[in-house]
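A.B. asks: Mind looking over this structure? Questions follow.
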Amino acid sequence: MLWEVVIRPAEDQPDREAERVLQEAQSFQAASIRELDSARSFLIQTSADQSAVERAAAALLVDSVVETWEVRPVSTNGHVAAPSTAARGQAINVLFKPGVTDNVGQSAQAALRDLGLSVEAVATCRKYWVNADAATADLEKLSRRVLANDAIEQVVRGPLCLERLSLGSTYRFERTTIPIRGMSDSELTEQSRRGQLYLSLREMQTIRDHF
């Protein structure tokens, strides 16, 4: 079973993350983004039931003095509502891509196991809710420029639809030899793209000439 522990600032606490993101959105003139709430969450894959996850979360994951939280199952029709008004209906989730190390998730997994919870995997997530009438173009800019690092993170719009955590496979080193010294300009450009180097032709020529 996959559970999500959603953690928000308590009602008497400021939402600093939402304030930061909203300010940055306004700085690049995403005028349609006017309201924003945030939360953080832990996705916990376990055979334990909801009450056991709730006890573990209360003991380890949440600061009950300044935070409020809830535990919900994550399923194909699961949805975590916006924390305030119904108008803030567009949900954005930011997670690490499969295979990227989630240090906080790994630490939480080890600590939950120490508490006696049978945990298969744990991942972290950042959650945002934006006013329902925000423009798609502005949401895309917000995701790309502020919320996520595309190299290591993925953005999921709307509710999470997961049955299990996809954490990637064990890394296996494989050496690849590239005959760069004999490459033409077009081959250098293709190698930069195919190898996900994202270098300019001039940079690729410099590497070729070095060898």
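A.B. asks: Could you work out the longest stretch of the chain that avoids the trypsin sites (Lys or Arg not before Pro) located in DSSP loops with at most 13 other Cβ atoms within 10 Å? Don't jump to the answer; show the numbers that get you there.
C.D. replies: Numbers: sites that count: Arg164, Arg172, Arg175.
After excluding every exposed loop site, the longest remaining stretch is 1-163.
A.B. asks: Let me ask another. Counting only GluC sites (Glu not before Pro) that are in a DSSP loop and have at most 14 other C-beta atoms within 10 Å, tell me the longest site-free stretch of the chain.
C.D. replies: Between the exposed loop sites, the longest stretch runs 12-162.
A.B. asks: Considering only C-alpha atoms, what is the centroid distance from segment 86-135 to segment 1-55, in Å?
C.D. replies: Centre-to-centre distance over Cα atoms comes out at 9 Å.
A.B. asks: Return the Rg/Rh value of segment 99-211, two decimal places, where both radii are evaluated on C-alpha atoms and Rh is the Kirkwood radius.
C.D. replies: My calculation of the ratio gives 1.12.
A.B. asks: Treating the Cα atoms of the chain as identical point scatterers in vacuum, please give the log10 of the normalised Debye intensity I(q)/I(0) at q = 0.10 Å⁻¹, two decimals.
C.D. replies: Result of the Debye calculation: -0.57.
A.B. asks: For a quick check, take a GNM of the chain with Cα springs below 10 Å and name the residue from Gln109, Gln45, Gln29 with the largest mean-square fluctuation.
C.D. replies: The residue with the greatest mean-square fluctuation here is Gln29.
Coordinate-derived values only; no laboratory data. The model shown is predicted, which means the values in this text are computed figures rather than measured ones. As a convention, Cβ positions derive from the backbone with ideal geometry for all residues, glycine included, and neighbour counts pool all protein chains shown.
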